[in-house]
Amino acid sequence: MKQEPIIRCRKLSLWYSKTQALKDITIDFYPNSVNALIGPSGCGKSTFIKTLNRLNDLISEVRTEGEVFYRNTEIRDPGLDVTDLRKEIGMVFQKPNPFPMSIYDNIAYGPRTHGIRNRSELDDIVENALKSAALWDETSDRLRKSAMGLSGGQQQRLCIARAIAVQPQVLLMDEPTSALDPISTAKIEELLSVLKEKFTIIIVTHNMQQAMRSSDTTSFFLLGELVESGNTEQVFSHPHDKRTEDYITGRFG
Amino acid sequence: MRNAFEKQLSELHTKLIEMGSFCEEAIKLSSQALAIDTITLGNVSLLKAKIEQMEREIESLCLKLLLLQQPVAGDLRQISAALKMITDMERIGDQADDIAEIIGYLIHRNERDCSLIVEMAGFTITMVSESIDAFIKQDTILAQKVIDDDDKVDEAFLKVKQALIAMIAKNPDNGGYALDLLMIAKHYERIGDNAVNIASWVVFSVTGVHKGETEL
C-alpha cells in the first residue's frame, strides 16, 4: 500500500465532558480497502467513526484533540462545512433507518439536497445506487412504493444505496448487519467487496467472522485505545498484542 | 471464559503427547531389535496400530474444534499444527514398523554388524523425543535444535551408505544384506525428517511463523 492514506489520524483524543473516550488514536486508512474496527462495547470504536464525519457534533460537551485529516482537509476544523464533509464521508447505521417516503425519494434525497433537480439525472443516480447496493432487481418495479415496506435486509441495502447516491469517497458503517439474518448479512458482506472498488469502507463490527471474511485490515480498540491495527490475516492468525489475542479468542475479561 | 473449549484444547494436547510417546516407543523398540536379537518386534506393529487409531481420534477432535469453536490466533495455530503433526507422527509409526519388518528378515543371519545404523538410530530417537518434548513445553529453542540436528542424521546416512558400498565391494554375496541395511538407514533418515516437520510445526504454533516464511 504505497498510496497516500485517504484518512490520516494522529493522536486523536476525545472527551465526553470529563470522560475520555478516545486516547491518542493514530491510524491511516487507504483508498479502496475494507477496514474493520473491533472491540468490546464501550471501547470507543463507534465514537471513533462518528468523529470521522462529525456526528459527535450533535452531542454537547464533546472535546477533541489531535489531528484527523480527510485528504488535505482537517475534519476537526470548526469552519468546515459539515454537509460537504458528509457528502464525502457517508454513514450507514446499525438499524436500517429509511425515510418514511418512497424507495426512489429515499435515494434521491441526498442528491436533491446537493442541488440536483434534473429528472433523468436523478433517475440514473437512483438506478445506479440501487444497482451498486444489489437492490435494483428486487425494487425496480416498485420504486414509488414506500421504503418502509421493504424487509430489514432490503432496508439496510437501501440505506447503503442512499449513502452512495451522493458519491462519497468513504463509507462508514456502524454494525450494519447486526440486525439482519444470515442471508441478508451475506449479501451485504458480498457487497463490501464490490463497493471497495469505488470507496474506502470503515466498518464497526462485533462479528469476528465478518471482520475476517470481509475486511483487508482489522483494528482492535479497547478502553478508548487502539491496541493493534494490521492486515486482517495477521491480526487473526497471530496478533502481536496479548490483549488482542485474548479478545479474539474469547478469553477476555 | 470458554471453559468447554479450554478443556477440549487441553484434551487435544494430552492426546498428542500420548501419540508422541507411542512413536518414541515404536522407534525405540525397532532400534533395540537392531542392536540385540529380540522377540519384541511384534510389539512394534501393535504400537503402529495404536498410533493410527490415535491419528484418527486427534484428527476428528481437531475438525470438531475447527467447526464448532471457529478458533483464531494461537488457538487456530495450535489446532492446525496438531493436524499437520499427526501426519508426521503416523509416518514415524509406519516407518518403525517397516524397520521392524526388515529386521525380521535379518534376524537369522549369523554375523551382522549394525553398529553404524545403531548410531544413526540413536540420533533419530533423540530427534523424535526432543521434537515431542519441544511440543509439550512449547519450546522453540529445543525445536530449532531438532531442525538443526537433521544434518547429523544426514551425515550418518552417508557414512552408512559408504560402509555398505565397501561391504558389497569386499564380498558381493553380501549384496542383499547390504540393501536391507540401506533400507533401514533410509527409514531412519526419513524419521529424522518427520521429527524436523514436527519441530517446525511447534515453532509455527508458538510464533505464527512457518519455516522459510517471514512474519506477516
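Of note:
- Of all the listed residues (B:Lys84, B:Lys64), the sole one being within 24 Å of A:Phe252 (Cα to Cα) and of a type in the set (Lys, Arg) is B:Lys64.
- Residues in segment A:168-200 that are touching a residue at least 60 places away in the same chain (Cβ under 8 Å) and among the polar types (S, T, N, Q) were compared, and the one that is farthest from A:Asp216 (Cα to Cα) is A:Ser178.
- If you filter segment A:229-243 down to residues that are among the hydroxyl-bearing types (Ser, Thr, Tyr) and either farther than 21 Å from A:Asp174 by Cβ or away from chain B (no Cβ under 12 Å) (or both), you find that the one that is surrounded by the most Cβ atoms within 10 Å (Cβ to Cβ) is A:Ser229.
Every residue, every condition in (1) more than 12 Å from chain B (Cβ to nearest Cβ); (2) surrounded by 17 or more Cβ atoms within 10 Å (Cβ to Cβ); (3) assigned to a helix (DSSP H, G or I), yes or no:
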| site | (1), (2), (3) |
| --- | --- |
| A:Arg162 | yes, yes, yes |
| A:Leu171 | yes, yes, no |
| A:Thr185 | yes, yes, yes |
| A:Glu197 | yes, no, no |
| A:Val227 | yes, yes, no |
| A:Glu245 | no, yes, yes |
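- With respect to the conditions (1) surrounded by fewer than 17 Cβ atoms within 10 Å (Cβ to Cβ); (2) modelled with pLDDT of 90 or more; (3) in a loop (DSSP other than H, G, I, E, B), A:Met148 falls short on a single one, namely (3).
- Test: residue in segment B:60-68 that is farther than 16 Å from B:Ser131 by Cβ, within 14 Å of chain A (Cβ to nearest Cβ) and in contact with a His (Cβ under 9 Å, 6 or more places away or on another chain): no
- B:Glu90 vs. criteria in contact with a helix residue (DSSP H, G or I) (Cβ under 8 Å, 6 or more places away or on another chain), closer than 28 Å to B:His210 by Cβ and surrounded by fewer than 17 Cβ atoms within 10 Å (Cβ to Cβ): no
- Selection within segment B:124-148 - touching a residue at least 60 places away in the same chain (Cβ under 8 Å) and surrounded by fewer than 23 Cβ atoms within 10 Å (Cβ to Cβ): B:Ile125, B:Ser129, B:Glu130, B:Ile136, B:Gln138, B:Asp139, B:Thr140, B:Ile147
- Among (1) in contact (Cβ under 8 Å) with a residue 60 or more places away in the chain; (2) out of contact with any Phe, Trp or Tyr (no Cβ under 7 Å at 6 or more places or on another chain); (3) not aromatic (Phe, Trp, Tyr) - the single one B:Glu189 does not satisfy: (2)
- Within segment A:167-207, tally of residues that are in contact with a strand residue (DSSP E or B) (Cβ under 8 Å, 6 or more places away or on another chain) and more than 13 Å from A:Glu88 (Cα to Cα): 13
- Of all residues making up segment A:189-221, the number that are modelled with pLDDT of 95 or more and aliphatic (A, V, I, L, M): 4
- Every residue from segment A:199-225 that is among the hydrophobic types (A, V, I, L, M, F, W, C), in a strand (DSSP E or B) and within 14 Å of chain B (Cβ to nearest Cβ): A:Phe220
- In segment B:29-51, residue farthest from the other protein chains (Cβ to nearest Cβ) [restricted to those that are surrounded by 14 or more Cβ atoms within 10 Å (Cβ to Cβ) and charged (D, E, K, R)]: B:Lys48
- Residue in segment B:6-28 that is among the small types (Gly, Ala, Ser) and crowded, with 16+ Cβ neighbours inside 10 Å present: yes
- If the condition is being part of a loop (DSSP other than H, G, I, E, B), of a type outside the set (A, V, I, L, M) and either away from chain A (no Cβ under 14 Å) or out of contact with any Ser or Thr (no Cβ under 9 Å at 6 or more places or on another chain) (or both), then segment B:70-113 contributes B:Gln70, B:His108, B:Arg109, B:Asn110, B:Glu111, B:Arg112, B:Asp113.
The values are calculated or read from the model by the stated rules, or taken from the named source; none is laboratory data. This structure is a prediction, so every number in the text was calculated from the model and none was measured. Cβ: placed from backbone, ideal geometry, glycine included. Neighbour counts: every protein chain shown.
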